[in-house]
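Where a number appears in this text, it was derived from the coordinates with a stated rule and is not lab data. In this text, all values refer to a predicted model and were calculated from it rather than measured experimentally. All Cβ positions, even for glycine, are placed from backbone atoms using ideal geometry, and neighbour counts span all protein chains on display.
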Amino acid sequence: MATGRYNRTTVLAVGIGLGLLIGLNLQGLWPHVPLHATATHGQDNFAIATGLVTDSVEAIYFLDFLTGDLKAAVLNPQLGKFNAMFRYNIAKDFGVTGAQNPRYMMVTGQTEIPRGRANYQFANSVVYVAEATSGQLAAYVIPWSQGSIAARKPQVGQFVPLDRLQFRTQFIRD
């Protein structure tokens, strides 16, 4: 008999607790943290990654190892179409050519760079590209016009190189 009463009390307490948690969430009183995920993948001579441009718009980044072309496309959520394209050739930044068979790695990271006096805001994600044989790392960002997406106007531009550093001091030969 005590076992049945204990089970009812436990079930009632758990039910009240769950109801309280659900109620707080529905009323917006429970603190919430937005989740942001990025993805990166590479294969042979090509890498692809995603990163936030704004809190609600994401870019897809492409890197062609053979040509050194870094490209980004942004999907306009109002149109459901890609209407922003950015590009930049990174080979000159690393001092490599396609004939040298560069070994790139690419990831994205989140940032908020102040606007300054420009007519655009930098995207909320930075593209980090490392070249393994030279031991260099570079950071790139796209200039973004929030007004263009709202007006449904296409954007075309170039990546802005932010900084470079040498992460390996001894060069490796194949």
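3J(HN,Hα) along segment 51-67, derived from phi through the Karplus expression 6.51 cos²θ - 1.76 cosθ + 1.60 where θ = phi - 60°, amounts to x, 6, 9, 10, 5, 10, 10, 10, 10, 10, 10, 10, 10, 9, 5, 6, 9 Hz, with x in place of Gly and Pro. Proximity of backbone amide H atoms, modeled 1.01 Å from N, is registered between Thr54 and Asn124 at under 5 Å, excluding neighbours fewer than 5 places apart on the same chain. Candidate cross-link partners of Lys153 among the aspartates and glutamates, defined by an alpha-carbon separation under 18 Å and a same-chain spacing of 8 or more, comprise Glu58. For Gln146 and Thr10, the difference between the fully extended length at 0.36 nm per residue and the C-alpha to C-alpha distance is 43.7 nm. For a label point 7 angstrom out from the Cα of Thr111 toward its Cβ, which stretches of segment 155-170 have the backbone nitrogen within less than 12 Å? Label zone hits: 160-165.
Ranked by the mean number of other Cβ atoms within 10 Å of their residues, highest first, the peptides 50-63, 101-114, 10-23 fall in the order 50-63, 101-114, 10-23.
Counted by Cβ distance under 14 Å from Ala84, the other residues give a net charge of +4, where Lys and Arg count +1 and Asp and Glu count -1.
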